Amino acid sequence: KSHRAEPYKIKMVEPIKKLTRSERERLIAAAGYNAFQLKAEEVYIDLLTDSGTGAMSDRQWAGLMMGDESYSGSRNFYNLEAAVQQYYGYRFVVPTHQGRGAEHLISRMLIRPGMYVPGNMYFASTRLHQELAGGIFKDVIVDEAHDPYSTHPFKGDVDLLKLEKLILETGAGNIAYLSLATTVNMAGGQPISLGNLQQVRQLTLQHGVRIIHDMARVAENAYMIQQHEPGHQHKTVAAIVKEICALTDGAVMSGKKDALVNIGGFLALNDQGLYEEAKNLVIVYEGMHTYGGMAGRDMEAMAIGIAESVEEEHIAYRVHQVHYLGDQLKDAGIPVVNPIGTHGVYLNAAAFLPHIPQVQFPAQALTVALYQEGGIRSVERGILSAGRNKETGDHHYPKLELVRLAIPRRVYTLAHLDMVAEAIMATFKNKDNIRGLEMVFEPKYMRFFQARFQQV
Ligand SMILES: CC1=C(O)/C(=C\N=C(/C)C(=O)O)C(COP(=O)(O)O)=CN1
């Protein structure tokens with residue numbers, strides 16, 4: 001294995017400790033068998049999410065001291081606006097407190113009840129905001145994305161036939177926009193190819209359908225295009241990022257992933273009219289359009305993080321680190337989603353625990369086992385996260401029953417990931433003793449955050 005070293009040295013540390021197994025068994029039971037309910041200090045290695053958990057650089061920390069906390073017209077807003085224009089190419093920027101703030105605004109602006117919102121697979125908060133605005137999500141991703149065994153290198157691709165069929169059946173006027181994610185989180189952190197995006201753009205322009213780009217992990221997606229899509233290996237990640245953005249009409253961005261901040265996001269648009277509308281609507285929900293729910297210092301840190309996110313050494317190491325863990329697990333015969341994702345390794349819980357039926361939440365049961373075994377916190381990406389069908393009230397039954405091991409940016413070293421691999425292998429050896437779960441408390445929205453369980 002190419003032991004590529006971290007492209008940074010460490011200046012500040014945060015001690016972590018590992019509790020005893022009996023302490024962990026007691027704590028996860030008290031948490032209703034839901035790792036979201038654990039206190040962070042009860043977790044040894046926290047792979048719950050790569051969102052907002054990254055480490056900032058010395059320049060970003062210095063940027064916090066440059067916070068201009070003026071209520072309106074903050075210097076940091078103009079720096080953020082300039083960074084978005086320079087690195088992403090969008091004309092207008094409306095800051096929001098994080099990604100779902102932008103999702104909320106664009107859903108209210110573009111969706112009328114009954115309209116369709118096609119997308120390359122769903123993301124929980126994105127789809128919820130679409131549905132709260134009366135939209136109907138339609139999955140138009142390629143079939144391979146729903147197959148954990150397929151090694152298709154760009155599972156984030158849109159199936160052009162599915163999209164065209166929807167447009168012709170419903171009429172372009174009934175399509176609010178195409179929600180296009182780079183990368184696709186729920187498929188296992190899978191990228192879209194530039195070739196597919198160009199074809200999607202051609203089809204949508206033909207019918208006058210907007211593309212709104214969910215760009216939380218666009219730098220990782222660009223890296224996969226550079227590395228694996230023929231014809232792009234001589235381009236910089238920064239150039240590919242701009243090419244991707246140029247094929248869309250606007251974007252919602254959670255700065256908490258690729259842009260390396262702990263809070264922050266924005267809505268970016270090219271259409272002046274939509275921008276004026278967003279500038280007004282943001283006041284209602286996020287605050288003035290020059291701060292959008294963020295302190296000036298946070299906007300400065302995000303402007304700097306955007307520039308850092310496309311640096312070649314940074315993004316190459318970031319994805320390499322994820323593949324370092326994924327390849328170890330694959331070599332050990334652990335069932336993982338192929339290809340290995342760009343921000344996390346996804347365990348195929350259905351294959352890991354074939355004795356647990358989907359209605360007993362096998363992926364959730366596996367997250368519990370990983371915490372008991374190694375103090376590792378992971379997240380369920382299966383039937384629990386898929387929620388209930390609005391019409392029937394029954395669970396959605398996704399083909400993908402996964403556990404995501406999301407790797408925070410610039411936080412853990414390869415040695416920590418060796419510990420994670422060891423714990424997963426030990427859990428796999430012991431898998432027949434893992435029991436299913438039944439839900440004893442089910443929240444109304446995005447139930448996976450606060451649901452509680454007991455063991456079957
Ligand atoms: C693709 C995508 C996401 O992954 C996303 C949030 N993801 C989280 C929190 C995660 O754990 O993956 C969001 C919402 O962003 P937000 O967590 O509100 O800043 C939008 N799009």
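Structure values in brief
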| read-out | value |
| --- | --- |
| Single residue of 187, 259 found to be within 15 Å of the ligand (Cβ to nearest atom), over 17 Å from residue 308 (Cα atoms) and either outside the structural domain of residue 337 (by TED's automatic domain parsing) or aliphatic (A, V, I, L, M) (or both) | 187 |
| Within segment 192-256, helices (runs of 4 or more DSSP H) holding 3 or more residues that are within 14 Å of the ligand (Cβ to nearest atom) | 218-228 |
| Top-ranked residue in segment 379-423 [being under 25 Å from residue 318 (Cα atoms) and among the basic types (Lys, Arg); ranked as farthest from the ligand (Cβ to nearest atom)] | 410 |
| Candidate set: segment 120-130, residues that are near the ligand (Cβ under 10 Å from one of its atoms) and not in a helix (DSSP H, G or I); chosen: the one nearest to the chain's Cα centre (by Cα) | 123 |
| Helices (runs of 4 or more DSSP H) contained in segment 303-391 and holding at least 2 residues at positive phi | none |
| Conditions (1) more than 22 Å from residue 213 (Cα to Cα); (2) within 16 Å of the ligand (Cβ to nearest atom); (3) in contact with an Asp or Glu (Cβ under 9 Å, 6 or more places away or on another chain); number of the one not met by residue 21 | (2) |
| Condition broken by residue 93, with the remaining ones in (1) more than 18 Å from the chain's Cα centre (by Cα); (2) within 16 Å of the ligand (Cβ to nearest atom); (3) within 12 Å of residue 302 (Cα to Cα) satisfied | (3) |
| Residue pairs meeting the criteria (Cβ under 6 Å; at least 6 apart or on separate chains; first in contact (Cβ under 8 Å) with a residue 40 or more places away in the chain, in segment 148-173; second part of a helix (DSSP H, G or I) and crowded, with 22+ Cβ neighbours inside 10 Å) | 155/145; 158/200 |
| Any hit, segment 150-159, residues being closer than 24 Å to residue 308 by Cβ and assigned by TED's automatic domain parsing to the domain that holds residue 236 | yes |
| Residue 264 vs. criteria modelled with pLDDT of 95 or more, surrounded by 24 or more Cβ atoms within 10 Å (Cβ to Cβ) and in the same structural domain as residue 147 (by TED's automatic domain parsing) | yes |
| Any chance residue 187 is more than 26 Å from residue 61 (Cα to Cα), part of a loop (DSSP other than H, G, I, E, B) and small (Gly, Ala, Ser) | yes |
| Subset of segment 350-373 (residues that are more than 16 Å from the ligand (Cβ to nearest atom) and either within 22 Å of residue 51 (Cα to Cα) or outside the structural domain of residue 427 (by TED's automatic domain parsing) (or both)) | 366, 368, 370, 371 |
| Residue count for segment 131-176, restricted to those that are polar (S, T, N, Q) and either assigned to a helix (DSSP H, G or I) or farther than 21 Å from residue 346 by Cβ (or both) | 2 |
| All positions within segment 397-456 that are touching a strand residue (DSSP E or B) at 6+ places or on another chain (Cβ under 8 Å) and part of a helix (DSSP H, G or I) | 416, 419, 420, 423, 424 |
| Number of positions in segment 27-49 that are small (Gly, Ala, Ser) and either in contact with a Lys or Arg (Cβ under 6 Å, 6 or more places away or on another chain) or at positive phi (or both) | 2 |
| Filtered residues of segment 111-124 (kept if in contact with a strand residue (DSSP E or B) (Cβ under 9 Å, 6 or more places away or on another chain) and over 16 Å from residue 182 (Cβ atoms)) | 111, 114, 115, 116, 117 |
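Here is a yes/no grid of residues against (1) over 23 Å from residue 401 (Cα atoms); (2) away from the ligand (no atom under 16 Å from the Cβ); (3) in contact with an Asp or Glu (Cβ under 8 Å, 6 or more places away or on another chain):
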| site | (1), (2), (3) |
| --- | --- |
| 64 | yes, yes, yes |
| 70 | yes, yes, no |
| 73 | yes, yes, no |
| 108 | yes, no, no |
| 113 | yes, yes, no |
| 116 | yes, yes, no |
| 134 | yes, yes, no |
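This table checks each residue for (1) within 21 Å of residue 197 (Cα to Cα); (2) of a type in the set (D, E, K, R).
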{"residue": "110", "(1), (2)": "no, no"}
{"residue": "120", "(1), (2)": "yes, no"}
{"residue": "126", "(1), (2)": "yes, no"}
{"residue": "131", "(1), (2)": "no, yes"}
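This table checks each residue for (1) touching a Gly at 6+ places or on another chain (Cβ under 7 Å); (2) of a type in the set (Lys, Arg); (3) at pLDDT 95 or above; (4) more than 28 Å from residue 270 (Cβ to Cβ).
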{"position": "32", "(1), (2), (3), (4)": "no, no, yes, yes"}
{"position": "36", "(1), (2), (3), (4)": "no, no, yes, yes"}
{"position": "43", "(1), (2), (3), (4)": "yes, no, yes, yes"}
{"position": "46", "(1), (2), (3), (4)": "no, no, yes, yes"}
{"position": "52", "(1), (2), (3), (4)": "no, no, yes, no"}
{"position": "63", "(1), (2), (3), (4)": "no, no, yes, no"}
{"position": "81", "(1), (2), (3), (4)": "no, no, yes, no"}
{"position": "89", "(1), (2), (3), (4)": "no, no, yes, no"}
{"position": "92", "(1), (2), (3), (4)": "no, no, yes, no"}
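The values are calculated or read from the model by the stated rules, or taken from the named source; none is laboratory data. Only a predicted model underlies this, so the values are computations on that prediction, with no experimental measurement involved. Neighbour counts are summed over all protein chains in view; Cβ atoms, including those assigned to glycine, are modelled from backbone coordinates with ideal geometry.
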